1. Among the residues of segment A:255-300, write down those that are of a type outside the set (A, V, I, L, M, F, W, C), without any contact (Cβ under 8 Å) to a residue 60 or more places away in the chain and closer than 28 Å to A:Gln240 by Cα.
2. Looking at segment A:43-94 only, could you name the residues that are among the polar types (S, T, N, Q) and not assigned by TED's automatic domain parsing to the domain that holds A:Asn138?
3. What are the residues in segment A:277-290 that are more than 9 Å from chain B (Cβ to nearest Cβ) and not basic (Lys, Arg), if any?
4. Which residue is surrounded by the fewest Cβ atoms within 10 Å (Cβ to Cβ), if the candidates are limited to segment B:48-90 and must be more than 26 Å from A:Gln240 (Cα to Cα) and within 12 Å of another protein chain (Cβ to nearest Cβ)?
5. Yes or no: A:Met334 aliphatic (A, V, I, L, M) and crowded, with 23+ Cβ neighbours inside 10 Å?
6. With within 24 Å of A:Phe122 (Cβ to Cβ) and in contact with a strand residue (DSSP E or B) (Cβ under 6 Å, 6 or more places away or on another chain) as the only criterion, which of B:Leu45, B:Leu34, B:Leu100 stands out?
7. Is there a residue in segment A:247-254 that is small (Gly, Ala, Ser), more than 9 Å from every other protein chain (Cβ to nearest Cβ) and without any contact (Cβ under 8 Å) to a residue 60 or more places away in the chain?
8. Examine segment A:32-41 for a residue that is in contact (Cβ under 8 Å) with a residue 40 or more places away in the chain and out of contact with any Phe, Trp or Tyr (no Cβ under 9 Å at 6 or more places or on another chain), and state whether such a residue exists.
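The values are calculated or read from the model by the stated rules, or taken from the named source; none is laboratory data. Because the structure is a prediction, the values reported are computed rather than measured. Ideal geometry is used to build each Cβ from the backbone, glycine not excepted, and the neighbour counts take in all protein chains shown.
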Amino acid sequence: MELNFQHLQAAHCENGVTTNLLKHIGVEEITEPLAFGIGAGIFYIHIPFLKISNGPAISFRTMPGWIFNRTCGALDIPIERKKFSSKEKAQQFLDDCLAKGQPAGCQVGVYFLTYFPKEFRFHFNAHNIVVYGKEGDNYLVSDPVMETVTHLSSYELERVRFAKGALAPNGQIYYPKPGKPVTKERMQKAIKKGIGHASWFMTETPVPILGVAGIRYTANRIRNWRDSLGPKVAGSYLAQLVRMQEEIGTGGGGFRFVYAAFLQQAHAYIPNDTLLEASEKFTAIGDQWRTAAVQASGIYKGRLTEQKDFNQMSDYLLEIAEKEKQAFRLLYKMKW
Amino acid sequence: MKSKDIPQDPSALDKFTREVCYAVGEDGKYVTGLSRGWEVKADALGITWEEAEQRIKDAVQKIQSGEASPILFYMEVNLMDMPTIAAYTGFWQWTIKRHLKADVFKGLSDKKLQKYADVFSVSVDDLKAGRLIHGA
């Protein structure tokens, strides 16, 4: 059985799943940047003391599941979201969804995801896919980061749905239910809400590891990494930063380009030129993140080894923090 | 980033897909383009794997010198840190730390070894005999 579901490739998995599932219930206007912006996916956090894969715990995106929840919430679309402790029940629920004609979003771990090559298989549990059919023992899978659709056997799917460790998916399944049609006014409201949320979060939260302050925190840490960790470990910390920022699923520049695209698309709904001004700022900021990544690569490739190179890296991030502060303040203070 | 500057460097992505990038087109409007990869991040991924290989080598050495049990090797091969292996086996982290010692490992029951064997997809006999299989 194969449901009538359109696979569209996206930069980021949760944006893609959200977009494709919303399109499926008739919200034609939705695009990946709109889902990302309305869901206030843009983010920054550097959690001190915690280590992920023996490196710093840094994230450029919000908590898994929140983009979908917020986007549907802001568009006034009811959702279904379920977690399971029993593998059998999780599979039964999925089969029931498919029998009803409902494609379902699933949170999965990447480590056992068979269609990923080994190089990309880490214990990362917040990947998202859509299951849109079943043929014999094979589930038909639309993975938004892939160019084409693929499939997983029921055992393979169970394994990734019940991956364990940090952010364990617990068989989590979700989908939007058909609600009221999305009007232009509803879309405008949702865009405002998303921008309000992200700009508040990035600049106004009084926590020194979150948002713009978090970027500054990372910058200041980097200055000490060469002395406190040694050039080799410091290099691998920077490699981790670059992977979080650029690796498949970010659209590049730590999601800043997707956000700039969102602001441009938002302008079509709310013709306020501040949005375009902010969009240009975020494009420049995304470019700067990439400049910083090039500097970082010089360090982890062992080409740059001196303290002044770490200082330069740190200065790049401080500059980015300042620019992001200005850009988000512009949005936060915006008169609609 | 301009759409004509979307990097097309060969990378491990070539094995399964190209990825979507957002970039500014000729007229200043955002467009999407597909990328084969970017050298900077391919290197970052490479470093991460080099490190993983080094950790496996270190583990082998520790096992051969009698410092550690084969569990350490399989942990590293499976890229598992303490919280991850604890979640997969159901053992407490401090229990696993004990099991990593060679002499504690010798006294482990088959039942406990079976849990590790299942997670690592090897047989209990392989574990017991200390066969270090680095396949997949």
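1. Hits for segment A:255-300 are A:Ser279, A:Glu280, A:Lys281, A:Thr283, A:Gly286, A:Asp287, A:Gln288, A:Arg290, A:Thr291, A:Gln295, A:Ser297, A:Gly298.
2. So the first thing to find is which residues in segment A:43-94 are among the polar types (S, T, N, Q), and the list is A:53-54, A:59, A:62, A:69, A:71, A:85-86, A:91-92.
The answer is A:Ser53, A:Asn54, A:Ser59, A:Thr62, A:Asn69, A:Thr71.
3. Going through segment A:277-290, the residues more than 9 Å from chain B (Cβ to nearest Cβ) turn out to be A:277-278, A:281-282, A:284-285, A:288-289.
Within segment A:277-290, A:Glu277, A:Ala278, A:Phe282, A:Ala284, A:Ile285, A:Gln288, A:Trp289 meet the criteria.
4. Here the answer is B:Gly90.
5. Details: aliphatic (A, V, I, L, M): yes; crowded, with 23+ Cβ neighbours inside 10 Å: no.
Answer is no for this residue.
6. On the way: B:Leu45 fails: in contact with a strand residue (DSSP E or B) (Cβ under 6 Å, 6 or more places away or on another chain); B:Leu34 fails: in contact with a strand residue (DSSP E or B) (Cβ under 6 Å, 6 or more places away or on another chain).
After ruling out the rest, the residue left standing is B:Leu100.
7. Narrowing segment A:247-254 to residues small (Gly, Ala, Ser): A:249, A:251-254.
With more than 9 Å from every other protein chain (Cβ to nearest Cβ) added as a condition, the list becomes A:254.
Checking the rest, the ones that are also without any contact (Cβ under 8 Å) to a residue 60 or more places away in the chain come to none.
There is no residue in segment A:247-254 that is small (Gly, Ala, Ser), more than 9 Å from every other protein chain (Cβ to nearest Cβ) and without any contact (Cβ under 8 Å) to a residue 60 or more places away in the chain.
8. Just the residues of segment A:32-41 that are in contact (Cβ under 8 Å) with a residue 40 or more places away in the chain, to begin with: A:32-34, A:36-41.
If we keep only those that are out of contact with any Phe, Trp or Tyr (no Cβ under 9 Å at 6 or more places or on another chain) as well, we get none.
No.
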